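One structure is given below, represented as structure tokens, and several questions about it will come after.
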Amino acid sequence: MRMKKRTESYLDLPETVLLELVKQSDQSAFRELYNRYSGKLYGNIKRMTKYSEIADDILQVVFIKIWENRLIIDTDRSFKSFIFQIAQNAVFDNFRREARQHTLNAVTSRRREEREKSESPTEKWLREKEDKAILESAVDQLPPRRREIYQLCKLEGLSYDQVSDMLGVSTSTINDHIVKATKTVKEYLVETRYYTLLLFFLIF
């Protein structure tokens, strides 16, 4: 998440005042709040996850949640405890997703190996062609900008920072597009009843 340069008039404001301004949708106050907490929060998240890119993603999620729920921020409660609790919950959610993904990957790999042993070269070529066609059809359902970002990040393997520099948009915007795009693709697969685990492995 990239934030603009700090506004001097907000530098010395007490935290409770900043929070009240954030509740009024003051983006400069939110930017100052981000600058005060993002460094320590990022370090804490990275210590738990071990990977900088995962820490970047979770940091974005945390501040997006703060902004989306700004109207219900309790200024009488310790904001530091509040935001670190949100970060911890986000890290645990990530661990659970990774555990599910690890299990899915193991099942997918095993089934793929079993299938590849039993199918002929022609059958394998037809299956891979069908998988690719279904995935392309799912991605084609996305709006143009979202489709472009999804293809760059998920299909071409570029990082959020690389795509951010390439397209001139923030990494938080990219993350939002990826989350919504993945949801759309999953829904398309459910609607078309295409449940092949290999395809789920490719898009999750």
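Being closer than 26 Å to Y10 by Cβ, crowded, with 18+ Cβ neighbours inside 10 Å and either at pLDDT 90 or above or outside the structural domain of D161 (by TED's automatic domain parsing) (or both): is that true of E32 here?
yes
Moving to a separate point now. Can you name the residue in region 124-147 that is surrounded by 15 or more Cβ atoms within 10 Å (Cβ to Cβ) and assigned to a helix (DSSP H, G or I) and is also modelled with the lowest pLDDT among such residues?
R127
Test each condition in (1) outside any helix (DSSP H, G or I); (2) buried (at least 17 other Cβ atoms within 10 Å of the Cβ) for G157 and report the one that comes out false.
Just one mismatch for G157, condition (2).
Are any residues in region 168-183 of a type in the set (A, V, I, L, M, F, W, C), surrounded by 14 or more Cβ atoms within 10 Å (Cβ to Cβ) and either without any contact (Cβ under 8 Å) to a residue 24 or more places away in the chain or under 13 Å from D57 (Cβ atoms) (or both), and if so, which ones?
V169, I174, I178
From (1) within 15 Å of the chain's Cα centre (by Cα); (2) modelled with pLDDT under 90; (3) surrounded by 17 or more Cβ atoms within 10 Å (Cβ to Cβ), pick out the condition that doesn't hold for Y150.
Result: Y150 passes all but (2).
How many residues does region 1-29 hold that are modelled with pLDDT of 90 or more, assigned to a loop (DSSP other than H, G, I, E, B) and under 16 Å from K65 (Cβ atoms)?
Here the count works out to 1.
Looking at D76 and the list (1) under 17 Å from Y160 (Cα atoms); (2) modelled with pLDDT under 90, which single condition is not satisfied?
(1)
Being touching a Phe, Trp or Tyr at 6+ places or on another chain (Cβ under 8 Å) and aliphatic (A, V, I, L, M) is the filter; apply it to region 34-64 and report the residue that is farthest from V163 (Cα to Cα).
Within region 34-64, the match that is farthest from V163 (Cα to Cα) is L41.
Here's another thing I want to ask about it. Being under 27 Å from E191 (Cβ atoms), of a type outside the set (A, V, I, L, M) and modelled with pLDDT of 70 or more, is that true of even one residue in region 104-123?
No, region 104-123 contains no residue that is under 27 Å from E191 (Cβ atoms), of a type outside the set (A, V, I, L, M) and modelled with pLDDT of 70 or more.
The values are calculated or read from the model by the stated rules, or taken from the named source; none is laboratory data. Keep in mind it's a predicted model, so treat the numbers as computed, not measured. Because the Cβ atoms are built from the backbone with ideal geometry, glycine has one as well, and the counts that use them run over all protein chains shown.
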